[in-house]
Amino acid sequence: MPENNLYGKLAELQRRLAVYEEESAYKEIFFMLFSSLTRFSLSIVHSRELAEEIVSDIFFIQLWNNRKEAEAIEDLRLYLFIAVKNNSVRKLKQQRKNTPVSIDDLSIELDSFYLNPEQQLLSGETLHSIERAIEQLPPRARLIFKLAKEDKMRYKEIASLLNISVKTVDHQLAIALKKIAAAIGMLIRKKS
């Protein structure tokens, strides 16, 4: 779904949830964002079960129970990502007995984002090289790359979510893209 359509559809669902209290709108929002939010939480808590519990709680406690106030939320997607981040970090701190958590300690699970026909034409070897390059990125660059490319978040949203500047987001993405391009270049030279 193109980015503008996603935001438009999400805004309409958010309005229907807040104004008409439609359970069907709530369910659509849930299914639209659950997997992205769960992957994000998983990168923090390292437990799929706990990540799913955190995201489910956010949806039920913060979204469904407060649905009448949902219309006042400017960017619902960013709001939910921030709520998941805060609750995931809080749960992790409870588990680790308040040891500090750095974004650089997070591990990121990436789904393949090569879904359109042009991207499906990439050979398995090229895809493998790209995925290997992504896995070898520094944790912060990998997380920012995932949020920007897989979750289609805007730089400003990523900066807000991670409490960093937009310039840092831009710099980290540049690092990621440079390393991915280098991996593809090596593969092309190898095939030549």
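Note down the magnitude of the dipole of the stretch 132-179 about its Cα centre, charges +1 on Lys and Arg C-beta and -1 on Asp and Glu C-beta and zero elsewhere, to the nearest 20 debye. With only Lys, Arg, Asp and Glu charged at Cβ, the dipole is about 120 debye.
For the stretch 29-102, GluC sites (Glu not before Pro) meeting the loop criterion (DSSP other than H, G, I, E, B) and having at most 16 other Cβ atoms within 10 Å: E74.
Taking Cα centre as origin and charging only the Cβ of basic (Lys, Arg, +1) and acidic (Asp, Glu, -1) residues, the dipole magnitude of the stretch 2-82 rounds to 120 debye.
A Förster radius of 35 Å combined with the Cβ-Cβ distance from L6 to M186 puts the calculated FRET efficiency at roughly 0.55.
With Cα atoms defining each centre, the stretch 156-182 and the stretch 12-82 are spaced 25 Å apart in the structure. Can you tell me the FRET efficiency between F31 and T126 if r is taken as the Cβ-Cβ distance and R0 is 35 Å, rounded to the nearest 0.05? It comes to 0.65.
The modelled label-to-label distance for the pair T168/R48, using points 7 Å beyond Cα in the direction of Cβ, is 3.1 nm.
Diffusion coefficient (Stokes-Einstein, Kirkwood radius over C-alpha pairs, 37 °C, 0.692 mPa s) for the stretch 3-95: 247 µm²/s, rounded to a whole number. Taking the stretch 3-95 as the region of interest, the number of lysine pairs whose Cα atoms are within less than 22 Å, with members eight or more places apart or on different chains, is 5.
FYI, it's all coordinate maths here, none of it is from the lab. Please read these numbers as outputs of a predicted model, since none were measured by experiment. Backbone-built Cβ (ideal geometry, glycine too); neighbour counts: all protein chains shown.
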